[in-house]
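For reference, the structure is listed below as structure tokens.
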Amino acid sequence: MKFSDNKYNMIQDILEKTEAEIEKMNPVNILIAGKTGVGKSTLINNVFRENLADTGIGKPVTKHLRRISKEGIPIVLYDTRGLELNPKVQKDVKNEIFDLVKQNKQTRDAVHAVYYCIQANSSRIEETEIDLIREISSVLPVILVLTQSIGKPAEEFNTYLENLNLPVAAVQNIMAEPYEITEDYVIPAFGLKELIDKTLQLIPKEAHDAFMNAQHADIERKAKAARRWASRYVATTFGVGFAPIPFSDASVLIPMQVTLLAHITAIFGISMDKSTIVSLIAAVGGTGSATMIGKTFVANAFKFIPGAGTLIGGLISGTTASIVTSALGLSYIEVLSIIAVKEREGESIDLGLIERLMRSQFKKNIKLNRKELKTKDLEFEGDEALNDAYASYQEMEEDTQSASRAQKTSRALSKFVSRHNPFNKKK
């Protein structure tokens, strides 16, 4: 698929604006504490995107603290290394944490919260750890994260810790990734969404966007945040002072749509490259140049709006423009949700299927009226829109796999027939 330079520049503009949005975010800074072997790396990799514990750059800050970060992800994690029950080590770690908090206070590097990890199946906590938790809690909000929480003992350990009345913000049982008991029985991952929720209640509001971008444990929450923002953006842009424009000037919608898509991409924080953006834009805007895509996009949208054909060649009202742009934003969010899920699960994305899915979701959303679109914005619980998009993608995957198997079978049969055809044999 080839595009003119103008069209390509539009794609580049989306990527550059996305990068600018991320750079504007106030980074979130979290301390991860706990003894060696309690599952801190597993927790980090399952809460935050791009396997941050494995792929992030870990720089020693002090003897016992390591700073983990990665370009393009607005989060910094401070990991305590070698935190054992040795009183001297614990004293050193405590002093290093206090120094870190003091040095970075009221700066962009200020630590916002602590995940103190304890392995739940140990069902015990030493007095020295309790003392350390109390001292850390005096300067930072702490969530006790009970890792590998299997069965009733983990629940009882949670109750025991709650009854200690430690000055912590919360106690959360988690299973960071599925745990296989037998070949036939696997305990699914749980507790990460609750951990996300409790973290958002602790960190400053100005760090919420950064945390949302960095986390990938709760894709539905990303979609909700994106829809809330998109709904406000469309209402403000097209509801206040958007004068009707001639259809011939429909390309004026481009900057508004670029801003919309860039901000949504920044909220999701997924690895979007040019080819992916091209596929999504091509699905609804055609393959014209940037100066034509606005008109092409609106013309394509009108095909799905009952009675809108009479507007071609006439004026595009603010209401019509908002419906078209809302449908674009909602469809983009639904497709990015699928991409985020696949990325989290380490699965590859078929760009052909993603393009088809974008076109399919856009056709569904553009047929909704303004009231229905607004209602869809508020569908936060039991997200039917995301379930529908995911089901559509899975159906497309299955169709593609079936077609591929049929082609392989056909080729194999043709080869068999060719080899065994007596007329092909030399006389």
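I'd like to know if the range 187-197 contains one or more residues that are of a type outside the set (Gly, Ala, Ser) and more than 30 Å from residue 25 (Cβ to Cβ).
Within the range 187-197 (the criterion being of a type outside the set (Gly, Ala, Ser) and more than 30 Å from residue 25 (Cβ to Cβ)), the answer is yes, since at least one residue qualifies.
Please determine, by comparing only the residues of the range 312-343 that are among the β-branched types (Val, Ile, Thr), buried (at least 19 other Cβ atoms within 10 Å of the Cβ) and assigned to a helix (DSSP H, G or I), which one is farthest from the chain's Cα centre (by Cα).
Step by step, filter the range 312-343, then rank; the result is 320.
Return yes or no: is residue 149 in a loop (DSSP other than H, G, I, E, B) and closer than 25 Å to residue 200 by Cβ?
yes
Being among the small types (Gly, Ala, Ser) and surrounded by fewer than 16 Cβ atoms within 10 Å (Cβ to Cβ): is that true of residue 189 here?
Yes, satisfied.
If I filter the range 60-110 down to residues being among the polar types (S, T, N, Q) and part of a loop (DSSP other than H, G, I, E, B), which single residue comes out as nearest to residue 41 (Cα to Cα)?
Here the residue is 62.
Just one of 383, 377 is at pLDDT below 70, in contact with a Leu (Cβ under 8 Å, 6 or more places away or on another chain) and surrounded by 10 or more Cβ atoms within 10 Å (Cβ to Cβ); which is it?
377
Residue check: is residue 231 assigned to a helix (DSSP H, G or I), farther than 29 Å from residue 341 by Cα and touching a residue at least 24 places away in the same chain (Cβ under 8 Å)?
No; evaluated as a whole, the condition is false for this residue.
For the range 44-76, enumerate the residues that are closer than 17 Å to residue 27 by Cα, of a type in the set (Val, Ile, Thr) and surrounded by fewer than 19 Cβ atoms within 10 Å (Cβ to Cβ).
Once the filter is applied, which keeps residues that are closer than 17 Å to residue 27 by Cα, of a type in the set (Val, Ile, Thr) and surrounded by fewer than 19 Cβ atoms within 10 Å (Cβ to Cβ), the range 44-76 yields only 57.
Return the residues of the range 107-124 that are modelled with pLDDT of 90 or more and of a type outside the set (Ser, Thr, Tyr); say none if nothing qualifies.
108, 109, 110, 111, 112, 113, 114, 117, 118, 119, 120
Filter the range 6-48 for residues that are in a loop (DSSP other than H, G, I, E, B) and not small (Gly, Ala, Ser) and give the result.
Selection gives 25, 26, 27, 35, 36, 38.
Quick one: in the range 130-159, which of the residues that are under 24 Å from residue 45 (Cβ atoms) and not aliphatic (A, V, I, L, M) is surrounded by the most Cβ atoms within 10 Å (Cβ to Cβ)?
147
Give the residue that is nearest to residue 14 (Cα to Cα), with candidates limited to residues of the range 361-374 that are at pLDDT 85 or above and buried (at least 21 other Cβ atoms within 10 Å of the Cβ).
362
Applying the selection to the range 181-195, what residues are in contact (Cβ under 8 Å) with a residue 12 or more places away in the chain and more than 12 Å from residue 170 (Cα to Cα)?
187, 188, 189, 190, 191, 192, 193
Given the condition within 16 Å of residue 327 (Cβ to Cβ), at pLDDT below 65 and assigned to a helix (DSSP H, G or I), answer yes or no: does some residue in the range 243-263 qualify?
Within the range 243-263, not a single residue is within 16 Å of residue 327 (Cβ to Cβ), at pLDDT below 65 and assigned to a helix (DSSP H, G or I).
Checking the structure you have, find out if any residue of the range 244-260 is in the same structural domain as residue 70 (by TED's automatic domain parsing) and among the acidic types (Asp, Glu).
Taking every residue of the range 244-260 in turn, none turns out to be in the same structural domain as residue 70 (by TED's automatic domain parsing) and among the acidic types (Asp, Glu).
Give all pairs with beta carbons closer than 8 Å in which a residue from the range 17-43 that is surrounded by 21 or more Cβ atoms within 10 Å (Cβ to Cβ) meets a residue that is in a helix (DSSP H, G or I) and hydroxyl-bearing (Ser, Thr, Tyr); count only pairs at least 6 apart in sequence or on separate chains.
Hits for this filter: 18/265; 30/199.
Restricting attention to the range 166-186, which residues are modelled with pLDDT of 95 or more and either out of contact with any helix residue (DSSP H, G or I) (no Cβ under 7 Å at 6 or more places or on another chain) or loosely packed, with under 15 Cβ neighbours inside 10 Å (or both)?
Listed by number, the residues that qualify are 167, 175.
Would you point out which residue out of 109, 92, 79 is surrounded by 13 or more Cβ atoms within 10 Å (Cβ to Cβ) and touching a residue at least 60 places away in the same chain (Cβ under 8 Å)?
Being surrounded by 13 or more Cβ atoms within 10 Å (Cβ to Cβ) and touching a residue at least 60 places away in the same chain (Cβ under 8 Å) holds for just one of 109, 92, 79, which is 109.
The values are calculated or read from the model by the stated rules, or taken from the named source; none is laboratory data. Quick caveat: nothing in here was measured; it's all calculated off a predicted structure. We place every Cβ from the backbone using ideal geometry, glycine too, and count neighbours over all the protein chains shown.
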